[in-house]
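First up is the structure itself, then whatever we jot down about it.
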Amino acid sequence: QVQLVESGGGLVQPGESLRVSCAASGGAFGTYTMHWYRQTPGKERELVARITPSGTTTYTDSVKGRFTISRDNAKNTVYLQMNSLKPEDTAVYYCNARRLGLSIWGQGTRVTVSS
């Protein structure tokens with residue numbers, strides 16, 4: 001089964017952009033539906049975006065038009081490009097891989113949007 005490692009989080013100002021990455025190891029990456037979730041203290045983890053093995057994408061309403069999920073199966077990596085960031089996007093962002101009832105999580109990467 002795959003293992004996931006997120007990277008690319010950091011501190012940015014409102015309106016700026018950031019790209020977070022999730023590198024997978026362990027094989028069969030291309031067969032997993034990949035997700036980005038985010039979580040803030042005291043709140044449930046929220047699904048931000050999803051990309052299927054065929055490349056079909058879905059987004060939560062609050063990020064549509066600003067965030068783009070993509071995958072590079074040759075590099076076993078999924079990305080989340082975040083543009084026009086807002087303070088309310090501040091969260092820990094988690095990568096998730098799912099296939100046939102199996103759900104695998106990364107450790108998370110923190111994104112802080114603040115002036």
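Here the Karplus curve 6.51 cos²θ - 1.76 cosθ + 1.60, taken at θ = phi - 60°, turns the phi angles of region 63-71 into couplings of 10, 4, x, 10, 10, 9, 9, 8, 9 Hz, with x standing for Gly and Pro. The H on the amide N of Arg45, modeled in the peptide plane, is under 5 Å from the matching H of no residue at least 5 residues off or on a different chain.
Within the listed set Lys75, Lys86, Lys43, the residue fluctuating most in the Gaussian network model of the chain (springs between alpha-carbon atoms under 10 angstrom) is Lys43.
Farthest toward the positive end of the dipole of the chain, out of Thr57, Gln81, Pro41, is the Cα of Thr57, where the dipole comes from beta carbon charges about the Cα centre.
The relative contact order of region 49-115, computed from alpha carbon pairs under 8 Å that lie at least 6 residues apart in sequence, is 21 percent. Averaging the sequence gap over all C-alpha pairs within less than 8 Å and six or more residues apart, then dividing by the number of residues, gives the chain a relative contact order of 37 percent.
The accessible surface of the chain, taken with every protein chain in place and a 1.4 Å probe, is 47 percent carbon and sulfur. For GluC sites (Glu not before Pro), the sites in region 26-115 that DSSP calls loop and that have at most 13 other Cβ atoms within 10 Å are Glu44.
The residues of region 52-115 expose on average 52 square angstrom of accessible surface per residue, using a 1.4 Å probe on protein heavy atoms.
The values are calculated or read from the model by the stated rules, or taken from the named source; none is laboratory data. Quantities reported herein were computed from a predicted structural model and do not represent experimental measurements. Cβ coordinates were reconstructed from backbone atoms using ideal geometry, including for glycine residues, and neighbour counts include every protein chain displayed. In case anyone asks, the SASA skips ligands and DNA or RNA and just uses the protein heavy atoms, side chains included. Shrake-Rupley method; radii C 1.70, N 1.55, O 1.52, S 1.80 Å.
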